[in-house]
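Visitor: Take a look at the following structure, please.
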Amino acid sequence: MRVLIVGAGIGGLTTALSLHAAGVEVEVVDSVRELRPLGVGINLLPHATRELVELGLGDALAETGLPVESFAHFDRHGNRVWGEPRGLTLGYRWPQYSIHRGELQMLLLATARERLGADAVRTGTAFVRFLDGPDQVRATLRDQASGEEFVETADALVGADGLYSAVRAQLHPGEGLPLWNGVRLWRGVTEADAFLDGHTMAILGTRFLAKFIVYPISRPDEQGRASLNWLGEVQSATGPLTEMPDWNRAGRLEDVLPHFADWNVGWLDVPGLISGAEEILEYPMVDRDPLAFWSRGRVTLLGDAAHPMYPVGSNGGSQAILDARALAYEFTRADSPAAGLAAYEAVRRTTVNAIVLANRTNRGDTIMEAVARRAPDGFDRVDEVLSEQELATLADGYLSISHTDGLNLPSPWTPVPRTP
C-alpha cells in the first residue's frame, strides 16, 4: 500500500507518521521550496497530545511545549469573570500544551524524515490534479523550480493542503473565497515578564469591542521573562471578503495598537506586548461551510482542507491531528483504500462539522459583551454583573468544543502494524 499526502503541515505530517507506524508506504509533497518554522503559538488539547504521545513524541513535546494549567476570562480591566483548570490540572492524563506552530511542524518534519527517510517529504512540488481509477489514483504534480509536470500513482491520495486546498477544489469546485465573520485578527509573539502563574491562557474583553488573548509558549528564564503569544480581535466589518487571506501577511502596529492603547491591566501590559512584538501578522477570521463529503473513491481531505474553522477553543491543529490518527487507523483495517477513507470520514466528518458551526456562535464573546456593557469601568464581584445561568452558559460553551468524553482511555486510533 502506498499513500500520497499533499501538504506538509501539522495534519499531513501526523498522517504520514501514523500510516508509516502501521506499515504503509507514504510520500508527502508540499509546494513550498523550503519548510520553515513560520507562524505563532497554538494550543494542543489533551486528546491531540495523547495521539502524539502514541506516536512516540511525548518527550519531544515536553521539551518544546509548555503545559497549560488554567484558562480564564477577564474583562478589559483584568477582573476575572470565569475560568477552569486545563490539561493535567483538570484531571486528564495528558497535558494541554502551548507551543509555537512552527516548532511543532519542524518537530514533526524531522521525525518524518528520520523514520520514513530523507526523501519522504518532497518540497517544491505542487499538486495539480488527480484522476481516480479503479486500481490506483494518478496525481499530476509540478516541479516548482522547472515547471515540469509529472504523474505519480498511489493507492490513496490525502489532501492536507490547507485553506486553499487544490485537492478540495477538484472535489468541490466553485466554492470561491472563504467566509468572513467581520473579525480582524492580529497576532504576535513578544518577550515579556511572565504573568499570573506562568501557565494560564487569558482572554480579556470581547471581540465586539476589542478582545485580547495571551498565553506563554516558553518557560520563564532566570529574569522571569517568557515568550508570550498574543492575539487581538476586533469586529471591524460585515460582508464578503474582498481579499485572499494569508496567514503570514504582515500586519501594522498602527492598525492594531489604537484598539488597545488605553487598556490598563494591572498584571499585564497589553499595549507593551503589542508594541514589543518583532513581527505582527494580520488576517481576517474565516472558515468555510461544512462539506457534505470529504472522500470520493481513493481521495480524501484532512485538517483545514476538510474543515477550516475559527480559532475558538484551540481546535484547529488539534482536530487535524485527530483526523490523521483516525485516517491511519481506519485505512489500515479496511478491506480496500476506498473503504478505509469512507470509514475515516464516517468517524470524523459529523463531529468536526459540528465544531465548525459551534465556533461560529462563540457564547463567550456574547457574554463578555454583556459584561462590558453592564460594567464598563470594571467590577468588584462578578455575581453583580452576571447571573449564575450566564456563567454556566459560558462554561458549557467551552465544554462542548474543548473537552472529550473518554479522554483518559487509551487512544482509539492506534493502528496495528500490517504484516508482510
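Visitor: Mind listing the long-range amide H neighbours of Leu268? Cut-off is under 5 Å, sequence gap 5 or more, other chains count too, H placed in the peptide plane at 1.01 Å from N.
Guide: Under 5 Å from the amide H of Leu268 lies no amide H from a residue far enough along the sequence or on another chain.
Visitor: Now for a different question. If the elastic network links every pair of Cα atoms under 10 Å, which of Pro245, Pro67, Pro258 fluctuates the most in the Gaussian network model of the chain?
Guide: Pro258
Visitor: Quick one: 3J(HN,Hα) in Hz for the stretch 162-168, Karplus 6.51/-1.76/1.60 with θ = phi - 60°, rounded, Gly and Pro as x.
Guide: In residue order, the calculated couplings are x, 4, 9, 4, 6, 5, 4 Hz.
Visitor: Amide H to amide H, which residues 5 or more places from Arg129 or on other chains are under 5 Å from it, using H placed in the peptide plane?
Guide: Amide H neighbours of Arg129, under 5 Å, 5+ apart: Thr140.
Visitor: Here is a further query. How high is the FRET efficiency from Asp289 to Gln223, r the C-beta distance, R0 45 Å, rounded to 0.05?
Guide: Details: r = 48 Å, r/R0 = 1.06.
E between Asp289 and Gln223, to the nearest 0.05, is 0.40.
Visitor: Moving on to the next point. I'd like the accessible area for His20, computed on protein heavy atoms only with a 1.4 Å probe and all protein chains in place. Round to 10 Å², please.
Guide: Estimated to the nearest 10 Å², His20 gives 70 Å².
Visitor: Shifting gears a bit: Ranked from highest to lowest mean number of other Cβ atoms within 10 Å per residue, what is the order of the peptides 97-106, 217-226, 347-356?
Guide: Details: 97-106: 21.5, 217-226: 14.1, 347-356: 18.0.
In descending order of packing, they fall as 97-106, 347-356, 217-226.
Visitor: Based on the Cβ-Cβ distance of Arg373 and Leu196, what FRET efficiency does E = 1/(1 + (r/R0)^6) give at R0 = 35 Å, to the nearest 0.05? Display every interim value, and only then the final one.
Guide: Working: r = 26 Å, r/R0 = 0.74.
About 0.85, to the nearest 0.05.
Visitor: Mind computing the radius of gyration and Dmax over the alpha-carbon atoms of the chain? Å is fine for both.
Guide: Rg, Dmax (Cα atoms, Å): 21.6, 69.
Visitor: Helix-derived [θ] at 222 nm for the chain: sum -39500 (n - 2.57) over DSSP H runs of at least 4, divide by residue count, nearest 500? Present the calculation step by step, with values, prior to reporting the outcome.
Guide: Working: 11 runs with 130 residues, N = 420.
Theoretical 222 nm ellipticity from helices: -9500 deg cm²/dmol.
Visitor: Using alpha-carbon pairs under 8 Å, 6+ residues apart, how would you state the relative contact order of the stretch 321-361 in percent?
Guide: Details: 22 pairs, mean separation 13.5, N = 41.
Answer for the stretch 321-361 is 33 percent.
Visitor: Using the heavy atoms of the protein chains and a 1.4 angstrom probe, tell me the accessible area per residue for the chain in square angstrom.
Guide: Numbers: 17440 Å² over 420 residues.
Heavy-atom SASA per residue in the chain reads 42 Å².
Visitor: How large, in percent, is the carbon and sulfur part of the accessible surface of the stretch 292-380 at a probe radius of 1.4 Å? Working shown, then result.
Guide: Values: 1550 of 3120 Å².
C and S atoms contribute 50 percent here.
Visitor: If the elastic network links every pair of Cα atoms under 10 Å, which of Asp287, Asp323, Asp119 fluctuates the most in the Gaussian network model of the chain?
Guide: Looking only at Asp287, Asp323, Asp119, the biggest GNM fluctuation is shown by Asp119.
Visitor: What are the ³J(HN,Hα) couplings of the stretch 197-206, residue after residue, when phi is run through the Karplus curve with 6.51, -1.76, 1.60 and θ = phi - 60°? Round to Hz, x for glycine and proline.
Guide: So the Karplus estimates, Gly and Pro as x, are 8, x, 9, 10, 8, 10, 10, 10, x, 9 Hz.
Visitor: Rank Pro240, Pro216, Pro95 by mean-square fluctuation in a GNM of the chain with C-alpha springs under 10 angstrom and give only the top-ranked residue.
Guide: Pro240
Visitor: How big is the dipole moment of the chain about its Cα centre under a simple scheme where the beta carbon of each Lys and Arg is +1, that of each Asp and Glu is -1, and everything else is neutral? Debye, nearest 20, please. Could the numbers behind the result be given before it?
Guide: Details: 37 positive and 55 negative charges, 162 e Å.
The calculated dipole for the chain is roughly 780 debye.
Visitor: Follow-up. Suppose a student asked you for the relative contact order of the chain, using Cα pairs under 8 Å spaced at least 6 residues apart; what percent would you report? Can you show the working numbers first?
Guide: Numbers: 902 pairs, mean separation 87.7, N = 420.
Relative contact order here is 21 percent.
The values are calculated or read from the model by the stated rules, or taken from the named source; none is laboratory data. Note that the coordinates shown come from a computational prediction; the quantities given were computed from them, not determined experimentally. Virtual Cβ from ideal backbone geometry, glycine too; neighbours counted across all protein chains shown. Quick note on the areas: whole protein, heavy atoms, side chains included, nothing else; ligands and nucleic acids left out. Shrake-Rupley method; radii C 1.70, N 1.55, O 1.52, S 1.80 Å.
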